[in-house]
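Trainee: First, the structure itself, so that you have it in front of you.
Rule-based calculations on the coordinates, nothing more; no lab input. No experiment lies behind these values; they were computed from the predicted model shown. Cβ placement follows ideal geometry from the backbone for every residue including glycine, while neighbour counts extend to all protein chains displayed.
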Amino acid sequence: MKRKRATLILSLVCLSCRGWAGELPHSRYTVLAPITNGNLTIFPVVSSVSHDTSGFLTLDEGLRSGEVVVAEAGRVVPLMRRNQRPIPSGGAEVNRLVLVNNSDRPLLLLAGEIVTGGKQDRVIGKDRIVPAHSDPIDLSVFCVEPGRWTGASNTFDSKLAPMAQPSVRNKAMIAKDQQQVWSSVNAAKGAAETVTVQAAPASEGDVAGELHSTTSYARVMDNKEVQKKVDAIAAPVARDYSQMIHELRARDAVGVVAAINGQIVWADIFAGTALLEKYWPKLVRSYAAEALLTRAAKSHTDVTAAQQFLDNLEGRREVSETEPGVFRHTEIAGEGYKVFELTSLLPKTGFDLHLAKALE
């Protein structure tokens, strides 16, 4: 039977009219004592509810196995699905890629994940679920490599870059503006040059020159001197939190609230511990990159502030996008922040797969 193309349904809701705060079980999340290294503070989050997410495939897993293919929209004619139906073609576009999921499992895509290759590197702009053995879908993406529009490679991978740091994710998810994404990439690149050039020994070569010569956010973050500094921040936090996840698995560790210089900036919450563990290596490096490249006055935060940040998920306005039977993506606008919820509508699910909260 021929697969029907998915239909996305967009809805807008006034939250004050539906009493959202009474419908969302905020109390299911509990923030624990923080782990701090330098100017990065991570508050572990446990939940009273956990779900089995073993049936979902991550982008890294799919690209590594070859079951997921991401390609430029204009260069996919030779690419065939397993049933030998060609992917529709067209002209390559900065903010559009095509993805096919040939896996037996549904694919989870998170906003902020970076794919490298093609005519330029891109960052995923919105969380979504792609069904198993999907028809080709258009991905909403933003360029994170201003200046390049060439490339011998037709397809993409994710091996070079971690999850984009919060300031870059913010512009893709909240601003949804390519110029602002480029501005955040250029700011990160400039900060990376500043913090690495003085520390790099002469024998390591002209680190500033290497960073200055590339326009790729992924390559900046892959620079060995930048990596050393990110690792110095991320490694102790990653080790401590990984141990804590193991110890708290029975309590369902599901996410984190992240603070930079004592300012809470982000929260990532998942449906279960197993899914968090898959994303944790990428997430912690993204937070560490933000900590490394952010210069701001130091303030103070604590568990109470982090708990309030996570509890306060209501807002003035809600926009939902639904692919019936697959997922619902909800964006909630509050006072100075936005909340993004990805709810799985696949059979035997019906739960929030990922929740992110960010300051505007």
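Trainee: Can you give me the long-range amide H partners of L139? Hydrogens built in the peptide plane at 1.01 Å from N, cutoff under 5 Å, separation of 5 or more residues or another chain.
Mentor: Excluding prolines and chain starts, which carry no amide H, the hits are L97, V98, L99.
Trainee: Among H212, H133, H329, which comes first, then next, by fewest other beta-carbon atoms within 10 Å?
Mentor: Values: H212 14, H133 17, H329 21.
Starting with the residue having the fewest Cβ neighbours, the order is H212, H133, H329.
Trainee: Using the eigenvalues of the Cα gyration tensor, what equivalent ellipsoid semi-axes result for the stretch 265-360 when each is taken as the square root of five times the eigenvalue, whole Å, largest first? Kindly include the intermediate steps, with their values, before the conclusion.
Mentor: Numbers: eigenvalues 139, 64, 29 Å².
In descending order, the three semi-axes are 26, 18, 12 Å.
Trainee: Would you please give the residues with an amide H less than 5 Å from that of L353, counting only those at least 5 places away or on a separate chain, with H modeled from the backbone geometry?
Mentor: For L353, whose amide H was placed from the backbone, the distant partners under 5 Å are L342, T343, S344.
Trainee: Using DSSP to call loops (not H, G, I, E or B), can you name the chymotrypsin sites (Phe, Trp or Tyr not before Pro) in the stretch 98-156 whose Cβ has at most 15 other Cβ atoms within 10 angstrom?
Mentor: The qualifying sites are W149.
Trainee: Which of the lysines could a cross-linker span from K338 if the Cα-Cα distance has to be under 28 Å and same-chain partners fewer than 8 positions apart are dropped?
Mentor: Within the straight-line limit of under 28 Å, K338 reaches these lysines: K126, K171, K176, K189, K278, K282, K298, K357.
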